[in-house]
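Chemist: Please find one structure pasted underneath; my questions will follow.
The values are calculated or read from the model by the stated rules, or taken from the named source; none is laboratory data. This one's a predicted model, so the numbers in the text were calculated from it and none came from an experiment. Every residue, glycine as well, gets a Cβ built from its backbone with ideal geometry; the counts of neighbours run over all protein chains shown. Each accessible area value is taken on the protein alone, full model and side chains, heavy atoms only, with ligands, DNA and RNA left out. Shrake-Rupley method; radii C 1.70, N 1.55, O 1.52, S 1.80 Å.
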Amino acid sequence: MSQPIPAKSTHEQPPVHIAMIMDGNGRWAAQRGLPRLAGHRAGTENLRRVIKACANQGIQYLTIYAFSTENWGRPSEEVEGLMHILSEFIDSELEELHRSGVQIRHIGRIDRMDEKIRAKVERAVQITRENQRLILCVAWNYGGRDEIVYAVQRLIEEGRKAEEIDGDLIAQHLFTAGIPDPDLIIRTSGEMRTSNFLTWQSAYSEWYFTPILWPDFDEQELQKALEDFNQRDRRFGRLSTSGC
Ligand code: IPE
Ligand code: IPE
Ligand code: MG
């Protein structure tokens, strides 16, 4: 007798938290003979669309990797250009984001930012703090290892005893304290690595890699990622709900 085919384990709910590694801006520009910063501008335009699409899909948390602790190693014109683009993005988008119920959070080290940009980021976080439609976590000057080092330093400063330390306490000392772990992490541009993103939080995330470059990652591509996620069987080390 043949074995019954187990029912496909699908999720009826969309992911609560999606994180995105917005990669491929430089290659997008190079393909068009444009400077890298033109790619970053196109990527920022796309971000505006993706935020809307996620809000419309009922996603509660969207984390975007915008500048890593390693990105300081790029030429200074590119780093300065990226800082400028962030600053412009806040100036042009804050009002609309606030109106549409988006809460802005920053994850990463704010201390190495230029004073003016830092003040803008802090203001954006402050103004939008009560919004609940979509929580947008902007990973800027963020590194997963740096986040863990910083958490350990704070635990030591607080005088914690070894026996007090557990996973929950560490999670409460990360930049993402209070934010559920990402269900789905999308990386564009075909690279298949984590590049120091959400090192702790991604332990049981589903990963989706696509060759599409970030400026071209549109609502249709998001839909494909969500459909792919729907087919995943998240076992968390246990057995499938179908018993297999
Ligand atoms: C991602 O695009 C944006 C940042 C890292 C700031 P890249 O700039 O890494 O683009 P590629 O990978 O060179 O194409
Ligand atoms: C990861 O992309 C960082 C961001 C998207 C902000 P990178 O382009 O910096 O990563 P690597 O160098 O390819 O690993
Ligand atoms: Mg890249």
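Chemist: List the number of the failed condition for Pro75; all other conditions in (1) free of Cβ contacts under 8 Å to residues at least 60 places away in the same chain; (2) more than 11 Å from ligand 1 (Cβ to nearest atom); (3) under 17 Å from Arg105 (Cα atoms) hold.
Modeler: Here Pro75 meets the rest and fails (3).
Chemist: Taking the criterion of being assigned to a helix (DSSP H, G or I), of a type in the set (Gly, Ala, Ser) and free of Cβ contacts under 8 Å to residues at least 24 places away in the same chain, would at least one residue in segment 164-176 satisfy it?
Modeler: yes
Chemist: Right, another one. Look at Thr188 and say whether it is surrounded by fewer than 20 Cβ atoms within 10 Å (Cβ to Cβ) and of a type outside the set (Asp, Glu). Steps first, please.
Modeler: On the way: surrounded by fewer than 20 Cβ atoms within 10 Å (Cβ to Cβ): no; of a type outside the set (Asp, Glu): yes.
For Thr188, the condition - surrounded by fewer than 20 Cβ atoms within 10 Å (Cβ to Cβ) and of a type outside the set (Asp, Glu) - is not met.
Chemist: Moving on to the next point. Report the residue count in segment 50-96 for those that are surrounded by 14 or more Cβ atoms within 10 Å (Cβ to Cβ) and part of a helix (DSSP H, G or I).
Modeler: Of the residues in that region, 21 qualify.
Chemist: Can you pull out every residue in segment 31-46 that is surrounded by 16 or more Cβ atoms within 10 Å (Cβ to Cβ) and over 12 Å from Ile85 (Cα atoms)?
Modeler: Restricting attention to segment 31-46, the residues satisfying the condition of being surrounded by 16 or more Cβ atoms within 10 Å (Cβ to Cβ) are 36-44, 46.
If the condition is that a residue be surrounded by 16 or more Cβ atoms within 10 Å (Cβ to Cβ) and over 12 Å from Ile85 (Cα atoms), then Arg36, Asn46 are the ones that fit.
Chemist: Of the residues in segment 43-84, how many are within 16 Å of ligand 3 (Cβ to nearest atom) and of a type outside the set (Asp, Glu)?
Modeler: 18
Chemist: Scan segment 149-185 for residues that are loosely packed, with under 13 Cβ neighbours inside 10 Å and small (Gly, Ala, Ser) and jot them down.
Modeler: Gly159, Ala162, Gly167, Ala177, Gly178
Chemist: Evaluate segment 113-123: report whether one residue or more is out of contact with any Cys (no Cβ under 7 Å at 6 or more places or on another chain), modelled with pLDDT of 95 or more and buried (at least 17 other Cβ atoms within 10 Å of the Cβ).
Modeler: The answer is yes; a qualifying residue exists.
Chemist: Here's another thing I want to ask about it. Restricting the search to segment 30-49, which residues are within 15 Å of the chain's Cα centre (by Cα) and either assigned to a strand (DSSP E or B) or within 16 Å of ligand 2 (Cβ to nearest atom) (or both)?
Modeler: Gly43, Thr44, Asn46, Leu47 - these are the residues of segment 30-49 that are within 15 Å of the chain's Cα centre (by Cα) and either assigned to a strand (DSSP E or B) or within 16 Å of ligand 2 (Cβ to nearest atom) (or both).
Chemist: Within segment 148-155, is even one residue assigned to a helix (DSSP H, G or I), under 18 Å from the mean Cα position of the chain (by Cα) and within 24 Å of Thr194 (Cα to Cα)?
Modeler: Yes, the conditions are met somewhere in segment 148-155.
Chemist: Select from segment 191-232 the residues that are open to solvent by 50 Å² or more (accessible area, probe 1.4 Å), acidic (Asp, Glu) and within 16 Å of ligand 1 (Cβ to nearest atom) and list them in ascending order.
Modeler: Hit for segment 191-232 is Asp216, nothing else.
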